[in-house]
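One structure is given here, and the rest of the page talks about it.
Nothing in this text is a laboratory measurement; each read-out follows from the coordinates by a stated rule. None of the values given here were measured: they were computed from a predicted structure. No Cβ is skipped: glycine too gets one built from the backbone with ideal geometry, and neighbour counts run over all protein chains shown.
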Amino acid sequence: MTMNEFRLRPDVLLNRLGVRRPSDIDLEAIAFHFGARVEYRSLESCAARIIGVDERAIITIDENSPEHRRRFSLGHELGHWLWDRGTFALMCKQTDLGETRQRGDTREARANRFAAELLMPRMLFREEARGRPITFDTVRYLSGVFRTSLMATSIRAVELGSYPAMVVLTGGRGRLWYWSGEDVPRYLQPRMVPGRDTSAHRIITGDFVATGAMEVDADEWFDHPDAENHVVMEDSVRSHGGSVLSLIWWKDESMLQL
């Protein structure tokens, strides 16, 4: 194989390998196809590692990680192998293997993006998500189909779902990060602290148990000058470390056209 054949986009790669359904995404077989052997062992100092020489590599994944983490780790290491191949050895920590660390042009960000696109290919994900509301019921369904984490699946649903949307992680001191779909204007950023009438705020303060999607005034989430004249849909759930993960989406897109 030439270098360009190794550096295919994940969706093109999967198409050439005959993947037609999410269940066809056999990561060990894909690794074998590109000369990499996969081993599962207990790792203490890292989440995954890869050693590559010429056209062969050994990828080792921490066997103690949950299935969705093992799969993302393997996708990440395959990204390294297909894009950074040669003679090298890498040990990737949990902090390198982040679903939310896909932006930028660093080697680790590129490997994370490769993993997300390999595990949740654009065409297959869009087909499964088509017409579904951007809620955690939808995300849990898609997470089961693609065997991916709630966080990674939420980001992909925002990117490829049928409605304009964003996902926001909020901690006790305010917004930690957010991720917008391509059809949400870049100037539209969520407030650092969600309004008191949001599910997110009420979950953080302990006044509310998540009950699913609800309609809220847009100015509870956005400082946009015209936000008070619009509403958004919100679905929030408790996440790790006491934080709250929120899906925000628009049934009425008029707010996005101002």
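Judged by the mean number of other Cβ atoms found within 10 Å, the most tightly packed of the peptides 73-81, 225-233 leads the ranking 73-81, 225-233.
Considering every alpha-carbon pair of region 129-257, the percent of pairs per 5 Å bin, from zero through the bin containing the longest distance, is 2, 12, 23, 26, 21, 12, 4, 0, 0. Region 29-44 and region 173-239 have their alpha-carbon centroids 41 Å apart. Add +1 for every Lys or Arg and -1 for every Asp or Glu among the other residues with Cβ under 15 Å from the Cβ of Arg41, and state the total. Once positives and negatives cancel, what remains is -2. Using a 7 Å offset from Cα along Cα-Cβ at Arg173, what residues in region 186-200 end up with backbone N under 18 Å from the label point? Answer for this model: 191-194.
Can you tally the net charge around Trp250? Count Lys and Arg as +1, Asp and Glu as -1, for every other residue whose Cβ sits under 12 Å from the Cβ of Trp250. Here the count lands on -4. For the chain, taking the reciprocal of the average inverse distance between every pair of different Cα atoms yields a Kirkwood hydrodynamic radius of 19.4 Å.
Mean residue ellipticity, 222 nm, helices only, the chain: the sum of -39500 (n - 2.57) across DSSP H runs of n ≥ 4, divided by residue count and rounded to 500, is -9500 deg cm²/dmol. Protection proxy ranking of 179-187, 42-50, 242-250, by the mean of other Cβ atoms within 10 Å over each peptide's residues and highest first, is 242-250, 42-50, 179-187. Rounded to the nearest 10 degrees, the angle from helix 136-146 to the longest Cα principal axis of the chain is 10 degrees. The packing ranking, built from the mean of other Cβ atoms within 10 Å per residue, places the peptides 32-39, 57-64 in the order 57-64, 32-39, highest first. Computed from Cα positions, the angle between helix 67-83 and the longest principal axis of the chain comes to roughly 60 degrees.
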